[in-house]
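All of the numbers you see were taken from the coordinates with simple rules; none came from a lab. All figures in this text were calculated on a predicted structure; none of them were measured in a lab. No Cβ is skipped: glycine too gets one built from the backbone with ideal geometry, and neighbour counts run over all protein chains shown.
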């Protein structure tokens, strides 16, 4: 099952209570019937997060960018490079809260009860993104893991790396340097996150444009085939028309000839009828004469 399967994509955009019937209908006649029938109906929290992806891509992309930024910050810390985990975590938390609000609004709008359990399931799923599951096709509530679980814990070996950094920086220690404030760090991380979000959005726009071009190319090819078939049909129709015109001219000549023959035959028939009348009169006169002679 590919991410580009539009039939499956539409399936995960439907109201939750229509999922099973639509899945079974989609499976009928499909070459991937078994795989489609195996698709699990998502729980309401996972369904709601799916709708965030389908209906509010900007909020989704902002959340994914913030999560990716936090992951890269943790990775930098683990490798001994500088990184502001706290600022990255703050930006990620803000993105989660924004996404949570949008997701709960979707739930309410579609008539689903927003219980504490559902809200918590949505939060944990948002916090676990991005996941291995295809975006917009979650079939389960996710649990945070990986770098997300490292938030708030000290990184082993960091003190040594910091010491080494200080050794390298010693020759320029006298240079004037202002330590960024927490607010400035957060602002910087947010700017980086937004830049990553913009880059991801641009990349997605390129993919969408490429898909649009492929669709247009497909339509061009199909239209070209239809045009070719139409040209052949027109040519055949022209040929049939010429044949019909020739046949009509032949039929008109035959009609003229037949009409002439009929008219001549009718004249001959009239002449013959006159001859018959005269012959009958002559025969009657002869019979009368014969009768007189016999008496």
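Within region 66-149, the percentage of alpha carbon pairs spaced more than 19 angstrom apart rounds to 44%.
Give me the log10 of I(q) over I(0) for region 14-157 at q = 0.18, 0.21, 0.22 Å⁻¹, as the Debye formula computes it from C-alpha points; what are the numbers? One equal scatterer on each Cα of region 14-157 leads to -1.00, -1.22, -1.29. Sorting 228, 68 from the fewest to the most surrounding beta carbons within 10 angstrom yields 228, 68. Descending by average beta-carbon neighbour count within 10 Å, the peptides 52-65, 126-139, 269-282, 12-25 line up as 52-65, 126-139, 12-25, 269-282, the highest first.
Extension gain for the segment residue 261 to residue 10, taken as residue separation times 0.36 nm less the Cα-Cα distance, is 82.8 nm to one decimal.
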